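Asks: Below are the structure tokens for one structure; questions will follow.
The values are calculated or read from the model by the stated rules, or taken from the named source; none is laboratory data. What you are looking at is a predicted structure, and each value in this text was computed from that prediction instead of being measured. Ideal geometry is used to build each Cβ from the backbone, glycine not excepted, and the neighbour counts take in all protein chains shown.
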Amino acid sequence: MKQAQALTITNAQLVTPEGIVPGALRCADGVILALGADVGPEEGDEVVNARGKLLAPGIVDLGVFAVDKPAFHFGGITRAALMPDQSPPLDLPSRVGFIAKSGKPDLWVHPLAAATRGLEGRELAELALMQEAGAKAVATGRRWIADSGVMLRLLQYAAMLGLVVVTHAEDGGLAGEASATAGEIATRLGLPAAPAEAEALAIARDIALAELAGARLHIRQVTTARGFALVREAKARGLAVTCGITPAHFMLSDLATVDFRTFARLSPPLRAEADRQAALAAIADGTVDVIASGHDPRGPEDKRLPFADALPGMAGAETLLAMTLGLVRDGVIDIPRAFALLSANPAKLLGAPAGILAAGLEADLALIDPDAPWIIDRRKMEATADNTPFDRQGTQGRVLGLWKGGVRLGAGA
Amino acid sequence: MSTKGMALMTSTSSRAPEGRFPPGRLAFPHRDLTGIGKLARHEILYLLDQAQQWVALNRQSAKHTDLLAGLTIINAFFENSTRTLLSFEIAGKRLGADVVNMHAATSSVKKGETLIDTAITLNAMRADAIVIRHGSSGATGLIADKVDCPVLNAGDGQHEHPTQALLDALTLRHALAERGEGAEDFTGLTVTICGDILHSRVARSNILCLTALGAKVRVCAPPALMPAGVEAMGLEVFHNFDAALDGAEVVMMLRLQSERMSGQFIPSPREYRHLYGLTTKRLALARPDALVMHPGPMNRGVEIDSEVADMAGRSLITRQVEMGVAIRMACLDVLTREARGVEGWA
């Protein structure tokens, strides 16, 4: 769907990297033309009055496991980078090409190419052909690549192609079949557990190999104090290392798993409270680059099981924005930084011409009331499954309107 | 004749001993027995007291009462078991209930039926109590949420095995009373638990039960078999068995699974015996009259030597089996009181 008529959103609080600017934004042919205090509608424009609410770039959700449009639109997500862990995995150019077109016109899906065939961590997949077919980055999938030789060759190859490698940081030997972080909670529950150091080990190795290869490394989820320290140190040395987190790991600790609540069974598992505090500090000091939903809707057949037998993952697309705005209310970050984490940084990693309100970029826009209160209720969710660990929690921040390429979307209004 | 005695027992079982516990249901307000972690000290003591009458009954030649006549108890065992299953079956039958055993090996679980579906099926058959053993931690609680009758945990993964901890406490209570050291609980008693603490639900339930009753608990295992953060459960951690035995009044040995002795956790059985085997020589490091326990089945010559396991007056291992039936009778009695319409419980 092409934008038929130019659009001007007036009376908005425009969220820009430099700060919040009162004014209007004008777009046509799917592209932002101008924004600021001195911008106004021209003749023939469709005019929307924002009534003083926030106008922000649409969220770019880096690393989802399912394309779930209603949930994405509810949550203000206009672009989603899909993990290669599909059935079958995204390890062939044809599959990547199909996925790249699958969301249009009202959602851009950016496929992440499987780093290795079948995501088995052994043989490199056809990365260049998948890039040609529309892959914006490469991902190791839900697991890390155990063989350091394979990982080095992957990083070298991706560096040559200019693709970011998105990794999962858990040492497979240590993590094994664990479903919890080693500590008092896992011990009391009798859950198979792995030490939190499984993450630091994986990060340390991957940073060393990325430095050797001169590759760009994005660690999709960092969740431990030691992990953040390693990323912080790598950034200080000027390496092209970035990292992300999902709201579960900065909102919850392993306390949420008592009574064997499988909606809190995640990968990596929820950590100790000290690690959660370290996550908040890392978000505040700039160590964290991306907040993503990790959207992984799972029905009762995957979740209504004993904890260790349940599959990990949570439906996070609908709560991503509200949880991130919670960080603003708690004084951890400000609103421009929130949208750097949600939109600008992930768009930059993917090389997508979006994620910032700026002339020349795509008009992916979210009109947001950051204070609107609501209660997360799994029975009322838009997602294909209701597995949220935040059920019945009160929160604030709702999407009032969403535009993809200047075209208003029905949902999320 | 014994029927008269039975009638007397039936009436005593519906009433808590005067003064010690709150009246009726308040003495044990739980519908299920999923773990010791959910019980308060006085609730544990209540179950131990209630088991006393069944110890007496089980020592008679006619070991039967019709207390639970007409009730159906299903023992759903998703994991292999001989002694626990037998113990629950005998307990149910001695109370006059109809007892049915479901073995996972011969059930539709193997055909892909989910645990919840199995629970719903058992519920539809109108069981009056379901006893569950399952290989996953938390499985019993999951089933308890889906059925209308009391659920008893007979071991869930590495989480809990509450009736084992209760029977161990009952065994200890008897043994201490015989020595003239009997008290209401185990305040000040030093108990050393040695073996695979990491994978043991028996260890977790016993740690919770013994500490709730005031005992000083020591756990001993090689680092790879010791769970992280276990010291937060209010105990002392040892890796050296000799040090852990020093002055101990009770030594509780755990079974080491043979698959953990083939290089993954322990280089070999004989190396395990060298470090953690309870020999007569080692037992001498504990208090001179220290008691020895083992939940069974034993690996004789590995974690425990035969001379120790069979030591008259010191080894409580066969006594544990005896108390197991009594404690399970008490649990089945208490948990079915509401359904049976017992005064003060319905």
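Asks: Check the stretch A:353-370 and report whether any residue there is part of a loop (DSSP other than H, G, I, E, B), farther than 16 Å from residue A:60 by Cα and over 18 Å from the mean Cα position of the chain (by Cα).
Replies: Within the stretch A:353-370 (the criterion being part of a loop (DSSP other than H, G, I, E, B), farther than 16 Å from residue A:60 by Cα and over 18 Å from the mean Cα position of the chain (by Cα)), the answer is yes, since at least one residue qualifies.
This table checks each residue for (1) surrounded by 19 or more Cβ atoms within 10 Å (Cβ to Cβ); (2) within 14 Å of chain B (Cβ to nearest Cβ); (3) modelled with pLDDT of 95 or more; (4) under 26 Å from residue A:189 (Cα atoms).
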site	(1), (2), (3), (4)
A:287	yes, no, yes, no
A:291	yes, no, yes, no
A:296	yes, no, yes, yes
A:305	yes, yes, no, yes
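Asks: Filter the stretch B:227-241 down to the residues that are within 11 Å of another protein chain (Cβ to nearest Cβ) and part of a helix (DSSP H, G or I), then identify the one that is surrounded by the fewest Cβ atoms within 10 Å (Cβ to Cβ).
Replies: Among those that are within 11 Å of another protein chain (Cβ to nearest Cβ) and part of a helix (DSSP H, G or I), it is B:232.
Asks: State all residues of the stretch B:199-226 that are surrounded by fewer than 24 Cβ atoms within 10 Å (Cβ to Cβ), within 13 Å of another protein chain (Cβ to nearest Cβ), among the aliphatic types (A, V, I, L, M) and not in a helix (DSSP H, G or I); if no residue qualifies, say none.
Replies: Within the stretch B:199-226, just B:226 meets the criteria.
Asks: Determine which single condition residue A:331 fails, assuming it passes every other condition in (1) small (Gly, Ala, Ser); (2) within 19 Å of the chain's Cα centre (by Cα); (3) in the same structural domain as residue A:138 (by TED's automatic domain parsing).
Replies: Condition (2) is where residue A:331 drops out.
Asks: Could you list all residues from the stretch A:248-281 that are in a helix (DSSP H, G or I), in contact (Cβ under 8 Å) with a residue 60 or more places away in the chain, of a type outside the set (Val, Ile, Thr) and within 16 Å of residue A:388 (Cα to Cα)?
Replies: Once the filter is applied, which keeps residues that are in a helix (DSSP H, G or I), in contact (Cβ under 8 Å) with a residue 60 or more places away in the chain, of a type outside the set (Val, Ile, Thr) and within 16 Å of residue A:388 (Cα to Cα), the stretch A:248-281 yields A:248, A:250, A:251, A:254, A:255, A:256, A:260, A:263, A:264.
Asks: Of the residues B:176, B:254, which single one is among the hydrophobic types (A, V, I, L, M, F, W, C), at pLDDT 95 or above and surrounded by fewer than 23 Cβ atoms within 10 Å (Cβ to Cβ)?
Replies: B:176 is the lone residue from the list that is among the hydrophobic types (A, V, I, L, M, F, W, C), at pLDDT 95 or above and surrounded by fewer than 23 Cβ atoms within 10 Å (Cβ to Cβ).
Asks: With respect to residue A:201, is the statement that it is assigned by TED's automatic domain parsing to the domain that holds residue A:273, surrounded by fewer than 24 Cβ atoms within 10 Å (Cβ to Cβ) and either within 22 Å of the chain's Cα centre (by Cα) or farther than 30 Å from residue B:224 by Cβ (or both) true?
Replies: In short, no.
Asks: Another one. Given the criterion under 22 Å from residue B:168 (Cβ atoms) and without any contact (Cβ under 8 Å) to a residue 24 or more places away in the chain, identify the matching residue among B:259, B:231.
Replies: After ruling out the rest, the residue left standing is B:231.
Asks: Do any residues in the stretch A:97-108 that are assigned to a helix (DSSP H, G or I) have Cβ atoms under 9 Å from those of residues that are among the acidic types (Asp, Glu), where the two are at least six apart or on different chains, and which pairs are they?
Replies: As it stands, the answer is A:97/A:132, since those pairs meet every condition given.
Asks: Next question. Among what's in the stretch B:177-202 and is touching a residue at least 24 places away in the same chain (Cβ under 8 Å) and of a type in the set (A, V, I, L, M, F, W, C), pick the residue that is farthest from residue B:133 (Cα to Cα).
Replies: Among those that are touching a residue at least 24 places away in the same chain (Cβ under 8 Å) and of a type in the set (A, V, I, L, M, F, W, C), it is B:189.
Asks: Scanning the stretch A:206-221 for residues that are over 22 Å from the mean Cα position of the chain (by Cα) and buried (at least 20 other Cβ atoms within 10 Å of the Cβ), which turns out nearest to residue A:147 (Cα to Cα)?
Replies: Looking at the filtered set, the residue picked out is A:209.
Asks: Report yes if residue B:326 is buried (at least 16 other Cβ atoms within 10 Å of the Cβ), more than 12 Å from the chain's Cα centre (by Cα) and under 17 Å from residue B:152 (Cα atoms), otherwise no.
Replies: Spelling it out, it is not the case that residue B:326 is buried (at least 16 other Cβ atoms within 10 Å of the Cβ), more than 12 Å from the chain's Cα centre (by Cα) and under 17 Å from residue B:152 (Cα atoms).
Asks: Criterion first (out of contact with any Lys or Arg (no Cβ under 9 Å at 6 or more places or on another chain) and on the phi < 0 side of the Ramachandran plot) does residue A:62 satisfy it?
Replies: Spelling it out, it is not the case that residue A:62 is out of contact with any Lys or Arg (no Cβ under 9 Å at 6 or more places or on another chain) and on the phi < 0 side of the Ramachandran plot.
Asks: Is the stretch B:8-29 home to any residue that is at pLDDT 95 or above, in contact with a Ser or Thr (Cβ under 6 Å, 6 or more places away or on another chain) and either under 30 Å from residue B:211 (Cβ atoms) or among the hydrophobic types (A, V, I, L, M, F, W, C) (or both)?
Replies: no
Asks: Every residue in the stretch B:288-326 that is touching a residue at least 60 places away in the same chain (Cβ under 8 Å) and touching a Ser or Thr at 6+ places or on another chain (Cβ under 6 Å), please.
Replies: First, pick out the residues of the stretch B:288-326 that are touching a residue at least 60 places away in the same chain (Cβ under 8 Å): B:289, B:291, B:293, B:295-297, B:303, B:316, B:319-326.
The answer is B:316, B:319, B:320, B:323, B:324, B:325.
Asks: While we're here: What number of residues within the stretch B:255-285 are in a loop (DSSP other than H, G, I, E, B), away from every other protein chain (no Cβ under 14 Å) and closer than 21 Å to residue B:204 by Cβ?
Replies: 4
Asks: Right, something else. Among the residues of the stretch A:52-70, are any within 24 Å of residue A:387 (Cβ to Cβ), part of a helix (DSSP H, G or I) and in contact (Cβ under 8 Å) with a residue 40 or more places away in the chain?
Replies: Yes, the stretch A:52-70 has at least one match.
Asks: Is at least one residue of the stretch B:319-341 modelled with pLDDT of 95 or more, in a helix (DSSP H, G or I) and over 29 Å from residue B:93 (Cβ atoms)?
Replies: Taking every residue of the stretch B:319-341 in turn, none turns out to be modelled with pLDDT of 95 or more, in a helix (DSSP H, G or I) and over 29 Å from residue B:93 (Cβ atoms).
Asks: Among the candidates A:13, A:3, which residue alone is in a strand (DSSP E or B) and touching a strand residue (DSSP E or B) at 6+ places or on another chain (Cβ under 6 Å)? Outline the logic, then answer.
Replies: Details: A:3 fails: in a strand (DSSP E or B).
The unique qualifying residue is A:13.
Asks: Since residue A:166 meets every condition but one in (1) free of Cβ contacts under 8 Å to residues at least 24 places away in the same chain; (2) of a type in the set (Val, Ile, Thr); (3) touching a strand residue (DSSP E or B) at 6+ places or on another chain (Cβ under 6 Å), which condition does it not meet?
Replies: So residue A:166 meets the others, but not (1).
Asks: Follow-up. Could you say whether any residue in the stretch A:60-79 is surrounded by fewer than 15 Cβ atoms within 10 Å (Cβ to Cβ) and at pLDDT 95 or above?
Replies: no
Asks: Also, quick follow-up: Return yes when residue B:244 is in a helix (DSSP H, G or I), modelled with pLDDT of 95 or more, within 25 Å of residue B:201 (Cβ to Cβ) and of a type outside the set (Asp, Glu) and no when it is not.
Replies: Yes.
Asks: Which residue is farthest from residue A:271 (Cα to Cα), if the candidates are limited to the stretch A:183-201 and must be in contact with a Gly (Cβ under 8 Å, 6 or more places away or on another chain) and more than 14 Å from every other protein chain (Cβ to nearest Cβ)?
Replies: If we take residues in the stretch A:183-201 being in contact with a Gly (Cβ under 8 Å, 6 or more places away or on another chain) and more than 14 Å from every other protein chain (Cβ to nearest Cβ), then A:200 is farthest from residue A:271 (Cα to Cα).
Asks: Just give me the residues in the stretch A:220-247 being assigned to a loop (DSSP other than H, G, I, E, B) and hydrophobic (A, V, I, L, M, F, W, C), in sequence order.
Replies: Passing the criteria: A:222, A:239, A:240.
Asks: Out of curiosity, is residue A:337 out of contact with any helix residue (DSSP H, G or I) (no Cβ under 6 Å at 6 or more places or on another chain), in a helix (DSSP H, G or I) and surrounded by fewer than 24 Cβ atoms within 10 Å (Cβ to Cβ)? Walk me through it before giving the result.
Replies: On the way: out of contact with any helix residue (DSSP H, G or I) (no Cβ under 6 Å at 6 or more places or on another chain): yes; in a helix (DSSP H, G or I): yes; surrounded by fewer than 24 Cβ atoms within 10 Å (Cβ to Cβ): yes.
Spelling it out, residue A:337 is indeed out of contact with any helix residue (DSSP H, G or I) (no Cβ under 6 Å at 6 or more places or on another chain), in a helix (DSSP H, G or I) and surrounded by fewer than 24 Cβ atoms within 10 Å (Cβ to Cβ).
Asks: Please work out if residue A:223 is within 14 Å of chain B (Cβ to nearest Cβ) and touching a helix residue (DSSP H, G or I) at 6+ places or on another chain (Cβ under 8 Å).
Replies: So residue A:223 does not fit the description; no.
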